[in-house]
Amino acid sequence: MALDEASEVSEAQIAVHWREEELYYPPAKFIGQANASDPAIFQRFSEEHFPECFKEYADLLTWDRYWHTTLDTSNPPFWKWFVGGRLNASYNCVDRHLARDPNKAALLWVPEPEQEPTVAVTYQELYRRVNELAALLQGFAGVKTGDRVTFHLPMVPELPVAMLACARLGVIHSQVFGGFSGAACGGRIADSQSTILVTMDGYYRNGELVDHKVKADEAVARAAEEGMTVDKVLVFRRHPGEYASKSPMVAGRDFFVDEVIGDYRDALVEPVSMPAEAPLFIMYSSGTTGRPKGCQHSTGGYLAYVTGTSKYYQDIHPEDTYWCAADIGWITGHSYIVYGPLSLGTTTVLYEGVPTYPDAGRAWRIAERLGVNIFHTAPTTIRMLRKLGPDEPKKYNYHFKHMTTVGEPIEPEVWRWYYEVVGKGEAAIVDTWWQTENGGFLGSTLPALQPMKPGSCGPGVLGIYPVIYDEDGNEVAAGSGKAGNICIRNPWPGIFQTIWGDPERFIDTYYRKYCKDPDSKDWHDWPYFANDGAMQAADGYFRILGRVDDVINVAGHRLGTKELESAAVLAEGVAEAAAVPVVDELRGRAVEMYVSLRPGFVASDEIKRGVSDVIASEIGKVAIPKNVWIVADMPKTRSGKIMRRVIAGISNFTDVGDTSTLANPEVVDDIREHVQSEKRARGEVPKALSAKDKEEIGQFGQAE
Ligand code: WT7
């Protein structure tokens, strides 16, 4: 049924137009070596074995004291995992690997300037550096177990070292993405009540040595406004001995780590044996309006979950060279650059800069040179690599056995390029759906055992039992062609423990909506509401449609932005697409599409028509965009998410809101000038918007 034929389409039917994609089967060579290649694993993790199935993950760790209760549900929804157990995360990621192979690289750090050599930090060296920094934090900075320390660090080895040094002491770290502003960092310092800030003078991004220390001054000032005094700012130097910042060091507050660390040379710090339930870190969720949510993650449950999923879903073996091209400032980096891979004793690659600097071949040169065999990135990066260098991968002699996509739904067309061109048809792909709140993957195929389907993440992962509910809490059946709200019926070890300092908001946001009985102590009554829309195919695979508010309601038809964008990238020449609503007198909302083009294509009316035609044929006439705008680049966050709110503001002549967290704020004025002057010429300037419309446009596509 095409939308335009439907007289009335129910709320949840937005996904009915997705075409079923053909399945891809993992290569035999991959299956032959995979960590999970025996289907018996599904039985071990079936619901009848819950929660004890997660013992298999916890047993991948080294415990100081074994736990007595796998899952304690006495205070819903504040679940406790592996209660009674004690362990140290730093010990698990570093010390325990020394006996086997101390001189193997734990970290391979690739500086952005290509002439700077790769730095290998062996497990032995990592052990030294973690111990010395832990000693400094304890002795010089005076932090104690349970304190919070904020990092505002770029992609340098000092970041995992600092995380592990805190973990060694049982100190809770809170890394703020290096690209965020000083003010954003300061707000998070205040929220987490950190007295220590760890930062760096500068780092390379897009060929420039960025002055980063200046943000520390802003952060400390903002924290002070919010009532929090930072006692010490510890400053790593990108080039020890040289100072890359113009910002003066404040006497008595700011210290160069390379000057102080000498006092702790060769110091050893006993790892503090922590209860499984002790918080390991706080990670603020990516929202840019409202107060950011400090997602508090546990030590035992979290580490067990990321270790288990790294082993089975990332297929990490100790002898692999694994490159996750995310930033450690996001949860992906915490779980799948640092904690998961190091807990398994593998070699994990860290890259300082932009994957297309100085040219579109850089990522593939890194892969070739370091012998990377597992590659992990996000659709936005894949689209960028495809846009700038569609034929680059062929020129380099690397071979991936496994690749990951994470962070947003991937358009099937982009997936196929990833598979065929980047993976050279040799790699198994996992499309992993999860969230900052979740610690690790929720939806994915098990790479050797379940076929891939472009655009679908797959079924729930081992021990995760998802369900789709409609607004009233009725189950939406698999294969019904209807979408709804995806929830997880059960707790799992990686789930965050609470929102730091705001347990009420934790319950309200994730559990209130579908709780069956607030007095119940039975986990079955407390489904986790992910705030994502999804649909489930008859084969059990989920297609994630994005945050529930990312829909455009055209004359009562709820159109998923991702669905529109997936259609648009099928059009000739289109590299990337973003759909936004415009207020429309007749239909309530109409769709506007923004697209950027692949190399070799120039903007033309023909391309615009191509976009409209493909949307009409893939989705239906109702979805035909009112306008298609061809832009050089989309406004994006530093994590690569397109800020639909900004272009929605431009299309509707409303305030675009704060653009300071954009990676490329400079594009906003160009797009505004181009779009609004043309709209003026066509008489498409809207009358003043109602407050409600303004609010909706202002928040469109905004991560919660
Ligand atoms: C939101 C979470 C998970 C770490 C990176 C993002 C969307 C995430 C997928 C995927 C479709 C996805 C969801 C989710 N999302 N992965 N594989 N397919 N959508 O973490 O910033 O907390 O964002 O990203 O909407 O809720 P985050």
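Here are some notes:
- Relative contact order computed over the chain (Cα-Cα under 8 Å; 6+ residues apart), in percent: 14 percent
- Take 129-139, 641-651, 464-474 and order them by the average number of nearby Cβ atoms within 10 Å per residue, most first; the result is 641-651, 129-139, 464-474.
- Shape class of region 255-363 from the alpha-carbon gyration tensor: rounded, with the ratio a/c of largest to smallest axis under 1.5.
- DSSP assigns beta bridges within region 578-673; of those with both partners inside it, close to 70 percent run antiparallel.
- Shape category assigned to region 516-644 from the gyration tensor of Cα positions, a/c cut at 1.5: prolate
- With the alpha-carbon atoms of the chain aligned to their principal axes, the span from lowest to highest coordinate is 71, 60, 53 Å, starting with the largest.
- Helical runs assigned H by DSSP (4 residues or longer) give the chain a calculated mean residue ellipticity at 222 nm of -7000 deg cm²/dmol, each run adding -39500 (n - 2.57) before division by the residue total.
- Ordered from highest to lowest accessible area with the whole protein assembly present and a 1.4 Å probe, H97, H674 read as H674, H97.
- For region 477-561, the fraction of 1.4 Å probe accessible surface lying on carbon and sulfur atoms is 49 percent.
- When the residues L344, L350 are ordered by accessible surface, computed with a 1.4 Å probe over the protein chains alone, the sequence from largest down reads L344, L350.
- Accessible surface area normalised per residue over region 141-296 is 34 Å², counting heavy atoms of protein chains with a 1.4 Å rolling probe.
- Residue-level accessible surface for Y204, protein heavy atoms, 1.4 Å, Å²: 40 Å²
- In loop segments of region 244-336 as defined by DSSP, the GluC sites (Glu not before Pro) with at most 15 further C-beta atoms inside 10 Å of their C-beta are E319.
- For region 92-136 versus region 626-704, the gap between their alpha-carbon centres in whole angstrom: 44 Å
- Pair D59, R253: separation of 7 Å Cα→Cβ label points (nm): 5.3 nm
- Solvent-accessible area of T199 with every protein chain in place, 1.4 Å probe, in Å² to the nearest 10: 0 Å²
- Solvent exposure ordering (accessible area, 1.4 Å, most first) of T356, T62: T62, T356
- Global geometry of region 85-198, whether rounded, prolate or oblate, following the gyration tensor of its Cα atoms and the 1.5 cut on a/c: oblate
- Pairs exceeding a 30 Å alpha-carbon distance, out of K621/K679; K453/K641; K215/K424; K232/K293; K394/K641: K215/K424.
- Region 24-76 and region 200-224 have Cα centres spaced 41 Å apart.
- Mean projection area, nm², convex hull over Cα of region 453-574: 10.0 nm²
The values are calculated or read from the model by the stated rules, or taken from the named source; none is laboratory data. Predicted, not measured: the structure shown is a model, and the values here were computed from it. Don't worry about glycine lacking a Cβ; one is built from the backbone with ideal geometry, like all the others, and counts go over all protein chains shown. Areas reflect the complete protein model, heavy atoms only, side chains present, ligands, DNA and RNA absent. Shrake-Rupley method; radii C 1.70, N 1.55, O 1.52, S 1.80 Å.
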